[in-house]
Amino acid sequence: MSTTVIILAAGKGTRMRSSLPKVLQPLAGRPLLGHVIETAKLLHAKNIITIFGHGGDLVQHAFSHENIQWVEQTEQLGTGHAVKVTLPVLPQEGISLILSGDVPCVQQTTLQRLIDVSTETGIGLVTLTLDDSTGYGRIVRKDDKIQAIVEHKDASEQQRQIKEINTGIYCVSNAKLHEWLPKLSNDNVQGEYYLTDIVAMALADGMEIASIQPELAFEVEGVNDRVQLAALEREFQSHQAKKLMQRGVHLIDPSRFDLRGALTVGTDVQIDINVIIEGNCTFGDNIEIGAGCIIKNTTIASGTKVQPYSIFDNAVVGADVQIGPFARLRPGAKLADEVHIGNFVEVKNTSIGHASKANHFAYLGDAEIGAESNIGAGTITCNYDGANKHKTIIGNHAFIGTNNSLVAPIKIGHGATTGAGSVITHDVADNSLAFERAKQITKENYQRPQKVTK
């Protein structure tokens, strides 16, 4: 049976106090709605229908790369009305998962279980049992079978004692949605069209309401304000940290770790506090990541040690490399095995060969550096002429002196040496020494300028 996913994403999110629509607020580096869409894709949904309203242009633009059917809800008249506006594009056959764009953490396994039980009955929902169910719609049962969902404001005192609540996640036959949604009424305290009323319609049709509960309570938590968003961020990160530790990662303090993407790891990986992993990263075996590092879309091979406060962005790092502290690898940085990159060294669009070293204060941009070469402190590749980028090529076993400016395009040969303080503007042949300095002038008994007393 084909599955459609309907995502409710039209809310303004006033309590966020933001010009950004609520569903675009970030959780773990991705918009709330992005998490829901990604889960829908994992379920291989035939189509994804997303209902937009406030900030619709921003929302659609943010997901213009996704294969989504967009439906506008021009008036905010309740969840039932939101789903009703999808009827012109909703298939007559199959079933629909109804999700909320501000409930980002529901897992694929939970939704698959819901699909499985709902396929048999034609309608099912996710419920949750809470110690304090205040404010939520209550699940009313008789002989363990669902009889109704009653909103908190419409519930009697007896019904308000019920601990099982409705999470707002449904799976319903499309044929029944076409039959039921036009019949919804707004005769209630809120004056809204409640999607929950389809439960009564299902019961009137003699149908049984299937239900499941999530494995983890935070899966069904929604976000209405910054406080809830921050709390959910920590729950989500704690869950990700737990999964990594179960795979053998040594997190020095799981409460001070953020994964904003996906991380593939080998064995005996150690990650210190306040490390942020973004995008898709891969770490090999026996890797150590120091405190405060930010690593994005980067592959690091086995045995590499990264000192604190280093930043990587779209880099490739070989095995047994020493990096940092305070190093920066920008897009296109490719480090071979046993390379040393020290403090305050920046590497951009540059490949560095086996066992080469740049241990202090250097900028290496748009360059190719061979094996076992040494880059002196204060060296920069002058790769930009104000209009175009140019390349620096340094051979194997080269020795670049301290405080060099290598003006590209330039080639420095194998085994070549450049003197300290040089501005190198011409190619240097293999096994040659090049230096470029003005004549030193010394003035004896020189009197420095003095501050003027006011």
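Side notes on the structure shown:
- Note on region 41-151: the alpha carbon radius of gyration divided by the globular reference 2.2 N^0.38 Å gives 1.21.
- Dipole magnitude (debye, nearest 20) for region 338-454, charges at Cβ of Lys, Arg, Asp, Glu: 760
- Within straight-line cross-link reach of residue 142, aspartates and glutamates at Cα separation under 16 Å, skipping those fewer than 8 residues along the same chain: 164, 208
- Net charge of Cβ neighbours under 14 Å - reference residue 374; Lys, Arg +1; Asp, Glu -1: -1
- Relative contact order, whole percent, for region 69-177 stands at 35, derived from Cα pairs under 8 Å and 6 or more residues apart.
- Entry comment: accessible area of the chain is 49 Å² per residue, from protein heavy atoms only and a probe of 1.4 Å.
- Helix-only [θ]222 nm of the chain, DSSP H runs n ≥ 4, -39500 (n - 2.57) each, per residue, nearest 500: -5000 deg cm²/dmol
- Nearby lysines by direct alpha-carbon distance to residue 451 (threshold 24 angstrom, same-chain neighbours under 8 apart not counted): 443
- Along region 58-66 the Karplus relation, 6.51 cos²θ - 1.76 cosθ + 1.60 evaluated at θ = phi - 60°, assigns HN-Hα couplings of 5, 5, 5, 5, 4, 10, 5, 7, 9 Hz to successive residues, with x for each Gly and Pro.
- Using C-alpha pairs below 8 Å separated by at least 6 residues, the relative contact order for region 3-157 is 26 percent.
- Highest average first, the peptides 346-352, 140-146 ordered by how many other beta carbon atoms sit within 10 Å of their residues are 346-352, 140-146.
- Cα centroid separation, region 57-97 to region 100-137: 19 Å.
- Among the listed pairs 12/163; 334/411; 41/163; 296/357, those with a Cα-Cα distance over 21 Å are 12/163; 41/163; 296/357.
- Inter-part distance where region 1-41 and region 231-247 are each reduced to a Cα centre, Å: 20
- Estimated vicinal HN-Hα couplings, Hz - region 143-151 in sequence order (Karplus 6.51, -1.76, 1.60; Gly, Pro = x): 6, 6, 9, 5, 10, 5, 10, 10, 5
- Rh by Kirkwood over Cα pairs, then Stokes-Einstein D for the chain at 1.306 mPa s and 10 °C, µm²/s: 61
- Size of electric dipole in region 28-187: Cβ of Lys, Arg +1 and of Asp, Glu -1, about Cα centre, debye, nearest 20: 220
- As a fraction of the 1.4 Å probe accessible area of region 1-80, surface on carbon and sulfur atoms comes out at 48 percent.
The values are calculated or read from the model by the stated rules, or taken from the named source; none is laboratory data. Only a predicted model underlies this, so the values are computations on that prediction, with no experimental measurement involved. When we count neighbours, we look across all protein chains shown, and the Cβ atoms used for this are built from the backbone with ideal geometry, even at glycine. Keep in mind that these areas ignore ligands, DNA and RNA; they rest on the heavy atoms of the full protein, side chains included. Shrake-Rupley method; radii C 1.70, N 1.55, O 1.52, S 1.80 Å.
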